[in-house]
Amino acid sequence: MNGGWLIVYVTSPNYEEAEKLARGIISERLAACVNIIDNITSIYWWKNNVEKDKEVLLIIKTHMRVFKKLVEYIKRNHSYEVPEIIAMPIIAGYADYLEWIMKEVKEE
């Protein structure tokens, strides 16, 4: 049932930026839905150091046909030098929900 649907993870340094990104992504019709999960802890390597930060996670439901545009939008509007943008295929799901994603995600 793989029809090109994606879940995309993006982290942000704070809720305000996450919400701004989410609203822009939805307004541009680059996703059908964005969930925002506040107050996650990230531990990661950055410039030869182990870092620990509080971040906000965006979970974006979209389609492969707009992924390139989504990446470009995030890169233009994100404060990180190298934003996390990780896409995973949705291999199965409730058919009506997947149809809704298809309907809401637009190519211009």
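Among the residues of the stretch 23-36, is there at least one that is touching a helix residue (DSSP H, G or I) at 6+ places or on another chain (Cβ under 8 Å), among the polar types (S, T, N, Q) and at pLDDT 95 or above?
Within the stretch 23-36 (the criterion being touching a helix residue (DSSP H, G or I) at 6+ places or on another chain (Cβ under 8 Å), among the polar types (S, T, N, Q) and at pLDDT 95 or above), the answer is no, since none of the residues qualifies.
Hey, can you tell me all the residues within the stretch 8-31 that are touching a residue at least 12 places away in the same chain (Cβ under 8 Å), surrounded by fewer than 20 Cβ atoms within 10 Å (Cβ to Cβ) and either closer than 14 Å to Val66 by Cβ or of a type in the set (Gly, Ala, Ser) (or both)?
Gly24, Glu28, Arg29
Taking the condition surrounded by 14 or more Cβ atoms within 10 Å (Cβ to Cβ) and either polar (S, T, N, Q) or at pLDDT 95 or above (or both), does Val50 pass?
Numbers: surrounded by 14 or more Cβ atoms within 10 Å (Cβ to Cβ): no; either polar (S, T, N, Q) or at pLDDT 95 or above (or both): yes.
No; evaluated as a whole, the condition is false for this residue.
How many residues are among the aliphatic types (A, V, I, L, M) and within 20 Å of Arg76 (Cβ to Cβ) when one looks only at the stretch 13-56?
The first filter runs over the stretch 13-56 and keeps only residues among the aliphatic types (A, V, I, L, M), leaving 18, 21-22, 25-26, 30-32, 34, 36-37, 40, 43, 50, 56.
If we keep only those that are within 20 Å of Arg76 (Cβ to Cβ) too, we end up with 18, 21-22, 25-26, 30-31, 34, 36, 56.
Residues meeting the conditions: 10.
Any chance you could count how many residues in the stretch 71-106 are more than 12 Å from Tyr9 (Cβ to Cβ) and either in contact with a Phe, Trp or Tyr (Cβ under 6 Å, 6 or more places away or on another chain) or in a helix (DSSP H, G or I) (or both)?
The qualifying residues number 17.
Among the residues of the stretch 71-88 satisfying the criterion of being more than 13 Å from the chain's Cα centre (by Cα) and touching a residue at least 24 places away in the same chain (Cβ under 8 Å), which is nearest to Thr41 (Cα to Cα)? Talk me through it step by step, then tell me what you get.
Keep residues of the stretch 71-88 that are more than 13 Å from the chain's Cα centre (by Cα), which gives 76, 79-82.
Keeping just the survivors that are touching a residue at least 24 places away in the same chain (Cβ under 8 Å) gives 79-80.
Values: Ser79: 18, Tyr80: 16 Å.
For the stretch 71-88, the residue satisfying everything is Tyr80.
Exactly one condition in (1) within 14 Å of Ala22 (Cα to Cα); (2) of a type outside the set (A, V, I, L, M, F, W, C); (3) surrounded by fewer than 16 Cβ atoms within 10 Å (Cβ to Cβ) is not met by Thr62; state its number.
Answer for Thr62: the failing condition is (3).
If you scan the stretch 54-70, which residues turn out to be over 14 Å from the mean Cα position of the chain (by Cα) and in a helix (DSSP H, G or I)?
Correct list: Arg65 only.
Mind listing whichever residues of the stretch 69-92 are surrounded by 12 or more Cβ atoms within 10 Å (Cβ to Cβ) and of a type in the set (S, T, N, Q)?
Hit for the stretch 69-92 is Asn77, nothing else.
Has the stretch 26-35 got any residue that is among the hydroxyl-bearing types (Ser, Thr, Tyr) and in a helix (DSSP H, G or I)?
Looking through the stretch 26-35, at least one residue is among the hydroxyl-bearing types (Ser, Thr, Tyr) and in a helix (DSSP H, G or I).
The values are calculated or read from the model by the stated rules, or taken from the named source; none is laboratory data. Treat the numbers as computed from the prediction; the structure is a model and nothing was measured. Ideal geometry is used to build each Cβ from the backbone, glycine not excepted, and the neighbour counts take in all protein chains shown.
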